[in-house]
Amino acid sequence: MSTIGIILAVIGLIIYLLRPQLAEENVFEGEQKVRSKAPPFLLMFNKKIATVIMVAGTTMALLPYLFFWADATEQYFLVYPTGNTSVVTSQGIKFRGFAKITPWQKYIDVKVVDDKGSKYGIEGVMKPIPIRFIDQVTATVYISCRFQLPLDEESFETLAIKFRSMSNLVNNTLIPTVREQTNNTGYMFAAQDYISGEAQSFRQTLDEQLKDGAYAVEKLENRDTVYADIQQANETRKIKEIQTSYSVNKILINGVPKRISHEITENNIIVSQVIVDDVVLEGAFKERLEAQRDESAKRQLEQQKIETAKSSQQRILAEGERDKAAERVAQETEQVKQLIAIETKLKQEKTNKELAAIALETERLKSQQRKVAADAQAYENAKLVSAGLTPQEKAEWQYKTSVGVAQEISKIQFPQTMITGGGEKGGTPLESLIGAAMAKQLLDSKGGFTQ
């Protein structure tokens, strides 16, 4: 725009100066009078129009030095011809007043980019940052940071005067500070701890050190004596091993960690974002981790086998106990059956004995009853005989006596086998028994009569 204004101003000035010579009027060539030969187009402009063109061109040429457009993503440092300075942080059309403008981006990105990564839109491109953990393991860190310029005009003006350009700020301050604090953060952690869950603490510590200053720390060396048992020729031996470990502790002042300021904090630059993209550990440590992982997997597998074997052993023992219990129950059931049968038989025998005793007592009572009845009858008969009976009564008594004797004889139980003696005229055994019984009765009768 300024170039166009300068061109217009020059054209207007030329037309203004040359217009009198281009006026349409008679001129003399020698003694002959002729008309002007200026083009009709140039003859259209008079001094007034030339003045307007000259003023318009001058205004257009000076306008960029009087005003400028402030972008929303930038803030500006202005130095006026008088030596005064000012800062513009808001967007829109701003008065310049012939001041020299130095634009600064409000947000500056600093990122580690390898050969394959894109560098578009990144103000600070860094190479991978090598670090060393406290356990002497090396690694390469890939990090992305975003910084915001100071919001207050005084801090920004000091920053602009100090670094003169954004390139100096990025290359001479931001990138070196990020590398330094990344190395300091790595020094505070062990690689084994980092892979064991301290990755978040690593990122948080780096963020805190960039925002508020580096931590003042002290390194401590710890030596532990470990005794390990080994078996050798049926003898237990112990091996002493000294393990050395290191720890880093923050130095506290009244319970608050001591901080060491750096260029970012001293210039009031705001750290708006810190991202640890990746931490690539050295190859030897990776191999050691893989070996530990394999050994851990083997150990877990062996432990699982041991647990499986123990479970199988317990299952076999449980099944044996179950079978033993089942056999014990079966044997006890059989014993109970046998005992019940014996007890039942004993109870039956006892019942039979009691029934036999009752029957015996019954028969004895009946026998006594019959004996008492017979004695009573015999006594009655004897009394009657002694009192003197009539022939008819004697005959009736003899008949009843014969019948009674026959009944009593029928009740007599004779042995199944009997041996008798005598001659040819002895008779049968039954006749002998009947005769003996009758003789006994007759003797009893005689005795009764004798009485």
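The values are calculated or read from the model by the stated rules, or taken from the named source; none is laboratory data. This structure is a prediction, so every number in the text was calculated from the model and none was measured. With ideal geometry, Cβ positions are generated from the backbone for all residues, glycine too; neighbour counts draw on all protein chains shown. Accessible surface is based on the protein model in full, side chains and every heavy atom, while ligands, DNA and RNA are left aside. Shrake-Rupley method; radii C 1.70, N 1.55, O 1.52, S 1.80 Å.
Given their separation in residues at 0.36 nm each and the Cα-Cα distance between them, Lys400 and Ile253 gain 38.2 nm when the chain is fully extended. For Asp375 and Ser312, the difference between the fully extended length at 0.36 nm per residue and the C-alpha to C-alpha distance is 13.4 nm. With all protein chains kept in place, the per residue accessible area of the range 100-153 amounts to 53 square angstrom at a probe of 1.4 angstrom. Here the gap between Lys286 and Thr51, fully extended at 0.36 nm per residue and compared with their Cα-Cα distance, gives a gain of 76.5 nm. Under 5 Å between amide hydrogens, built in the peptide plane, is the criterion, and for Glu282 it picks out Thr138 among residues at least 5 positions away or on other chains. With no solvent and one point per C-alpha, what does the Debye sum give as log10 I(q)/I(0) for the range 47-119 at q = 0.18 Å⁻¹? Calculated log10 I(q)/I(0) at the listed q: -0.79.
Taking R0 as 56 Å, what's the FRET efficiency between Lys324 and Arg364 from their Cβ-Cβ distance, rounded to 0.05? The partial results should precede the final answer.
Numbers: r = 59 Å, r/R0 = 1.04.
Efficiency computed from Cβ-Cβ geometry: 0.45.
Dividing the convex hull volume of the alpha-carbon atoms in the range 112-191 by its residue count gives 106 Å³ per residue. I want to check a number: in the range 63-151, how many lysine pairs have alpha carbons closer than 19 Å, given a sequence separation of 8 or more or different chains? Close lysine pairs found across the range 63-151: 6.
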